[in-house]
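The structure under discussion appears below in the form of structure tokens.
The numbers here are math on the coordinates, done by the rules we state, and not lab data. Remember, predicted model here, so these are calculated numbers, not experimental data. Reconstructed Cβ throughout: ideal geometry from the backbone, glycine too, with neighbour counts over all protein chains shown.
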Amino acid sequence: MNYSLIILIPLIPLAVFLVLGLLNRKIGPAVSGLIGVSGILLSTVLSFYTAYQYFGVVGKVSGAYPTLVESVVWMNFTDTLRIDMGVLIDPISVMMLIVVSTVSLMVHIYSRGYMKGDEGYTRFFSFLSLFTFSMFGLVLATNLFQIYIFWELVGVSSYLLIGYYYTKESAVAAAKKAFIVTRFADLGFLIGILLIGYYTGTYDFGALNDPGGAILSNWAPASFMGLSVLTWGLILIFIGGAGKSAMFPLHIWLPDAMEGPTPVSALIHAATMVVAGVFLVARLFPMYFFVEDGFALQIVAFVGAFSALFAAVIALTQTDIKRVLAYSTMSQLGYMMLALGVSGYEGSEGLGYMSSMFHLFTHAMFKALLFLCAGSVIHAVHSNELKDMGQLRKYMPVTHISFLIAALAIAGIPPFAGFWSKDEILVAVFEHNTFLYGIGILVAGLTAIYIFRIYFGIFWGKNKAYEHSPHESPSSMTFPLVVLAVLSATVGFIPFSSFISPDRTGFEGHIDIPMAIVAVAVALLGLGVAWILYKKESEMVSRLTDRLGVLYTWAHQKFYVDELYLFVTKNILFKGIAAGAAWFDRNIVDGTMNLIGNSTVVLSRKIKGMQSGRVQDYAMAFVSGTVLLAILFIYLWTS
Amino acid sequence: MIEGISIYELLTVTSILFFIGIYGFITRKNLISVLISVELILNAGAVNFVVINKYLYPDVLQGMIFSIFIIAVAAAETALAISIIINLYRKISSVEVRDVETMKY
Amino acid sequence: MERILFYILALIMIGFALASVMSRRMLRSVIYLLFVLCAVAGVYFMMDYNFLAAIQLTIYAGGIIVLIIFSVLLVHHIEMRMEIARPTRQLLTALACSLGLAAFLSVIYTYDFQVSGPGPGTEVSVIGAKLLDYGEGGFILPFEVISVLLLAAMVGAIVIAKGTKLSENKNEVK
């Protein structure tokens, strides 16, 4: 392996970020777009080259794919506890390199058309490059601390990009919300890192994840409330992951994050950053699996399953197409978490892990495609609302076909990509827990309904009276759509299981025919329901919503989670704790400081008069002092 | 040494002279008067040198030579002080001490 | 005889010194200082230091006093009465000075001076040799330093006193 080439993968976007960021006003949009796209193109080529080297040339070493690490010591705390900076190459990081670089490349190309004429064009590309750099750094991290650093960097770039339209109040609010919520979750992550570092004495993934190593064979160095401290550490780390991956109840920032430009939503809030949480759990999977017999993993599974169902229900009721896609993303992320949560470790036991990564891979492709299509539609009709759209298939054929392929993929209709990964997930869950399988299959049906609801709403339905006749997007925008559509249709055929499994040995994957039939049947059922309800705008929908009554209202209001948060923050945190803290800060802390300052001022005003500037006053003081000292000495000596 | 006069009497006189000079230095409000007071202080010191030389170590001349130096320095100091006073008078038309307090603060 | 003479001189010194620092007329104050200096010269004479007494008279009485009188005449009207410090201030200063004097005298009178017998008289040539002697106990270095100091003081005095007015006058003349 050529490590210097791998290190270039993150460094090129960093260089692009610096160049574009520093020369923001000096270069025109054409140049900055070209720099951005060519930078990420280079990174993409290098990523594919790395994948070829890793899987093709290096291959398996004694039956398993090796973990290749190249790092330098950055900070030394003790002999073993240190922070390194480096690159770690193993199957999932290589896979993530492919995902991030491919989607990022497509989004860069797409943005050249989408952002055309925008005032902050260069700024946009520099932020995109910053994000790409951070994401590469995250997937290549060799230890917990490095991943944490890049974790925060993606958080920052996400904040910057959500707030890209910084003159829009809602965008600023959304950016702050995303930052604060994920930051809050990252507090858990940090405490988890420190706990694990303290009790194991290392941050290194290699040492932490060694299934035969000292750490995992002795996983209870201390216990707290009946659980091993390592379990607590892993749960806290999962809280961090849940914050980034928008798991319930930390999901509230993701729908609001759709205030950012649509390419950003496609790249960050659908394909790459939000899967960082899944990636984190996968990265630490041996720890999750072996520590306390996978107790923390159970939590991951249940949180994932609940989030998947919760988000799918809300997605059914939203009218903003980007928000529907956001909740859909959350639901699919729940799927991935669920699959990780039910996975085993050895050989084909690791089906859940494999399918989770597989779904991450396929989902990145088709969800990015969905967002880019949505962006194309929004570009054409200048609205996010479903009610402003209809019959667009006549105006935008390429977008229409691409969206259809992506919708079929996410719904799990063979032979599109989503079918293969989702099927593997359902098989893995079924082998583990039938209750969770029930949730999974229900979510599969709901997925088909909500995605075809917006599909029919956008491209069929009634013809609206458009102010400007909508037209197909320029080729810079349709080209990525076509590429991603082809990928969404075909990536399912990659024999993923032979590349990726928890113990890295790989196994022979196969399609479980009865399970597949059930899943496809449910998906088709959902598709059918959507067909009946939404293909033509009919009375049935409103009658149905009336019938559901409270349930519909609740789902439409996102189950009032936001309101709950607002209540907690505004009434309890702000009024109760923060007010007290503010009072303390203003009166006690500031008061002390002001007292010191003011008394110094008053004192100096008083003694200023002594410095009259008259020589004779000084002489007087000098003489009296000398005389007093002389008298003092005389009587001390003589006595 | 002076016949019949002890060193104590001489030193008493110079001490009184010295403190009169200090009193003048502190209380006078005019720069020239301050200068006069300084001359008194210097003279008290010079006489002291001479007296101690004469009474305690009559064989050597150190005290006396020091007095000569004191007189020379006093002359230089007076010349400079007078020139400063004259210059000041040209600039601010006053030789009062309280008008010359830009050292303040 | 010498006792009486010394007491007269001491009285002149102290009396005129006091008068000099108390007087509210500038010129009188200077003249009183002249008397004090003359009395000091008299003490030098009585101690057989004739050369020192001569210097005292020529430089102090002849040089410095004249200089001060000139400056007084330059910056004051002869009849002007000077302001005087506040009584409290005078009292405080007098108190501090008398305290200091008391301390001095108590030290002087408790110390046992080892007075040795009358020494040989001093001749001017001895003093001159001493001043120019660069052997042990010689004063050639301070002597030279003093000469440089005097030169520097002269130049400085001229430069400072000249001020800027002269050049302005020149310009006006042109």
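Considering only A:G549, A:F290, A:I252, the residue lying farthest towards the positive end of the dipole of the range A:3-556 is A:G549, judged by Cα position with unit charges set on Cβ. Taking the Kirkwood radius as Rh and the Cα radius of gyration as Rg, chain A has a ratio of Rg/Rh equal to 1.12.
Mean partner shielding of peptide B:37-48, defined as the number of other chain Cβ atoms within 10 Å of each residue Cβ, is 4.
The mean number of partner chain beta-carbon atoms within 10 angstrom of a residue's beta-carbon across peptide C:86-99 is 5.
Inter-chain neighbour count for C:25-35: the average number of beta-carbon atoms from partner chains within 10 Å of each residue's beta-carbon is 2.
How high is the relative contact order of the range A:270-355, in percent, with contacts defined as C-alpha pairs under 8 Å that are six or more residues apart?
It rounds to 32 percent for the range A:270-355.
Exposure proxy shown here: for A:R123, A:R453, the number of other Cβ atoms within 10 Å sets the order, fewest to most, as A:R123, A:R453. Taken over the Cα atoms of the range B:7-93, the convex hull encloses 60 Å³ per residue. Quick check: Cα centre of the range B:41-105 to Cα centre of the range A:162-220, how many Å? Using only Cα atoms, the two centres lie 80 Å from each other. The calculated Kirkwood hydrodynamic radius for the range C:59-99 is 12.8 Å, given to one decimal from all distinct C-alpha pairs. Distance from the alpha carbon centroid of the range A:394-429 to that of the range A:560-602 works out to 52 angstrom.
Backbone phi angles across the range C:103-111, fed through the Karplus curve with coefficients 6.51, -1.76 and 1.60 (θ = phi - 60°), yield HN-Hα couplings of 4, 4, 5, 4, 5, 4, 7, 8, 8 Hz in residue order; Gly and Pro are listed as x. As a proxy for reagent exposure, ranking A:I413, C:I64, A:I513 by other Cβ atoms within 10 Å from fewest up yields A:I513, A:I413, C:I64. Spin-label model, A:F493 to A:F77: label points 7 Å out along the Cα-to-beta-carbon direction sit 5.0 nm apart. What is chain C by shape, rounded, prolate or oblate, if you read a ≥ b ≥ c off the alpha carbon gyration tensor as root eigenvalues and call it rounded for a/c under 1.5, prolate for a/b larger than b/c, and oblate otherwise? Verdict is oblate for chain C. In sequence order, the range B:48-65 has phi-based couplings of 4, 4, 5, 4, 5, 4, 5, 7, 9, 10, x, 6, 10, 10, 3, x, 5, 5 Hz under the Karplus curve 6.51 cos²θ - 1.76 cosθ + 1.60, θ = phi - 60°, and Gly or Pro positions carry x.
Multiplying the residue separation of A:K462 and A:L23 by 0.36 nm and subtracting their alpha-carbon distance yields 153.3 nm. With θ taken as phi - 60° and the Karplus curve 6.51 cos²θ - 1.76 cosθ + 1.60 applied, the whole-hertz 3J(HN,Hα) list for the range C:121-134 is x, 10, 9, 4, 5, 4, 4, x, 4, 5, 5, 9, 7, 10 Hz, x standing for glycine and proline. Residue exposure proxy: A:K322, A:K116, A:K177, A:K575, ordered by other Cβ atoms within 10 angstrom of their Cβ from fewest to most, comes out as A:K575, A:K116, A:K177, A:K322. If one takes the longest principal axis of the Cα atoms in chain B, at what angle in degrees, from 0 to 90 and to the nearest 10, does the Cα axis of helix B:7-27 lie? The two axes meet at around 0 degrees. If R0 equals 30 Å, the separation of the Cβ atoms of C:L95 and B:Y8 corresponds to a calculated FRET efficiency of about 0.80. A cut-off under 11 angstrom between Cβ atoms defines the neighbours of A:I252, and their net charge, with Lys, Arg +1 and Asp, Glu -1, is -1. Projecting the Cα positions of A:M515, C:Y109, B:I68 onto the charge dipole of the protein assembly as shown (unit charges on Cβ atoms of Lys, Arg, Asp and Glu, taken about the Cα centre) puts B:I68 furthest along the positive direction. Distance between the modelled labels on C:K162 and A:V589, one decimal in nanometres: 6.5 nm (7 Å Cα→Cβ projection).
Selection among A:S604, A:Y560, A:N571 by position relative to the dipole of the range A:557-608 gives A:S604 as farthest towards the positive end (Cβ unit charges, Cα centre). Put a dot 7 Å past the Cα of A:F295, heading toward its Cβ, do the same for A:D388, and the two dots end up 5.2 nm apart. FRET efficiency for the C:R3 to C:V155 pair, using the beta carbon distance and R₀ = 60 Å, is estimated at 0.80. Each Lys and Arg adds +1 at its Cβ and each Asp and Glu adds -1 at its Cβ; summed about the Cα centre, the protein assembly as shown shows a dipole of about 3100 debye. Nearest 10 degrees, 0 to 90: what angle lies between the long axis of helix A:417-432 and the longest principal axis of chain A (Cα atoms)? Approximately 80 degrees, to the nearest ten. To the nearest ten degrees, helix A:590-608 and the longest principal axis of the Cα atoms of chain A are 30 degrees apart.
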